[in-house]
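The values are calculated or read from the model by the stated rules, or taken from the named source; none is laboratory data. Keep in mind that this is a model prediction, so the values were computed, not measured. Positions of Cβ are backbone-derived with ideal geometry, glycine not excepted, and every protein chain shown enters the neighbour counts. The area values use the complete protein model at the heavy-atom level, side chains included, leaving out ligands, DNA and RNA. Shrake-Rupley method; radii C 1.70, N 1.55, O 1.52, S 1.80 Å.
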Amino acid sequence: MTLEAMLRRIGYRGRVTPDRETLYVLHRCWRQTVPYENLDIQLGRPISLDPDALADKLIRRRRGGYCYEQNAGLAMMLRLAGFEVSMVKGGVMRQAHGDAMWGNHNALIIDLAGRQWLADAGIGDGFTEPLQLREGTHTQGAFTYRLERLDPGTWRFHHHPGASIASYDFHLQPREPADFAARSHELSTSAASPYVTTLITARPTKEHTLLLLSRTLRQYSADGRSSRTIRDVSEFATTLRDRFLVPLEDLGRDGVSRLWEKARAQDDLWLKRTQQSG
């Protein structure tokens, strides 16, 4: 896979130099054009972290993926652009649920001009530009994030209030995509996995961040948060195609209808549980 092909995929036509400005724009373009999504998991398709398979899915077929796929693809592009990139182990919600969460996420550390940045395309409603690895708050548009150092080799990312997760922890020790293969298989196949039980797509734009959970479409912006329920399969297909940039033909002949039935069943189950708990 060439850098030129990857840049075409994200719609970037500017200069490429391993500097802060290029890092920010490449990360932002990737996040805005390569959707975060678990649609292959919902369709029962296997997830591969092999570089050729990732290049085929993310670049040639113009699909998206979840954290392991997203950050492996982003790392591939940044390295081709001349950046020094390390993939690291993360733990979403480790703060709440303990060390069993380690490995359920990955992230990227960029070494540049004697400083480090956290890059991450693997949280659907996460930040759009890298965060310099320093303790304290980091504001991007309407959202404020926070980084906390837990020990010399471990950090915690705090998401903005109301986001899909509260926090994740990450080590600084470099890893390889293959190190996450077993956990990825577990999370993409286990009946207890949230990636199996809930259809998820997400994409930030210049104005807002979109998040689809089953058939509930949420929008986060400077004006606040709103949500609505997708009404039918036609609106569902249009939403995936136009708002999340998912090429529907890659989902298969009956892929959209299968995904819609799953989204409806998931939504109905959630409503039933809510009514029972009330």
| request: For the chain, count the residues as N, evaluate 2.2 N^0.38 Å, and divide the Cα radius of gyration by that value, please. | output: 0.97
| trypsin sites (Lys or Arg not before Pro) within segment 78-180: which are DSSP loop residues with at most 16 other Cβ atoms inside 10 Å? | R134
| remark: Sorting M76, H27, A265 by the position of each Cα along the dipole of the chain (Lys, Arg +1; Asp, Glu -1; all at Cβ), the one nearest the positive end of that ordering is A265
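Per residue, what volume in Å³ does the Cα convex hull of segment 14-71 take up?
94 Å³
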| Computed FRET value (nearest 0.05) for R183 with S257, which takes r as the C-beta separation and R₀ as 35 Å | 0.70
| remark: 1/(1 + (r/R0)^6) with r = Cβ-Cβ of R115 and L3, R0 = 30 Å, i.e. FRET efficiency to nearest 0.05, evaluates to 0.80
| request: If a/c stays under 1.5 just call it rounded; otherwise compare a/b with b/c (prolate if a/b is bigger, oblate if not). Do that for segment 160-278, with a ≥ b ≥ c from the square roots of the Cα gyration tensor eigenvalues. | output: rounded
| task | Counting only heavy atoms of the protein chains, get the accessible area per residue of the chain (1.4 Å probe) and round it to a whole Å² value. | result | 46 Å²
| said: Would segment 1-150 count as rounded, prolate or oblate if I go by the C-alpha gyration tensor, calling it rounded below 1.5 in a/c and otherwise prolate when a/b exceeds b/c, oblate otherwise? | reply: oblate
| message | What is the percent carbon and sulfur in the accessible area of the chain, measuring with a 1.4 Å probe over the protein chains and ignoring ligands? | response | 48 percent
| What nm value, rounded to one decimal, do you get for the distance between D151 and R241 when each label is placed 7 Å out toward the C-beta? | 5.2 nm
| task | Taking the Cβ of G252 as the centre, find all other residues whose Cβ is under 13 Å away and add up their charges (Lys, Arg: +1; Asp, Glu: -1). | result | +1
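Where nothing but the Cβ of Lys and Arg (+1) and of Asp and Glu (-1) is charged, how large is the charge dipole of the chain around its Cα centre, in debye to the nearest 20?
Working: 38 positive and 33 negative charges, 118 e Å.
Dipole about the Cα centre, nearest 20: 560 debye.
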| Distance in nm between pseudo-label sites at L133 and S190 (7 Å out along the Cβ direction from Cα) | 2.8 nm
| How much length is gained on full extension from T229 to T144, taking 0.36 nm per residue of separation minus their Cα-Cα distance? | 27.9 nm
| message | Less than 15 Å Cβ to Cβ from L212, Lys/Arg counted +1 and Asp/Glu -1: what total charge do the surrounding residues give? | response | +4
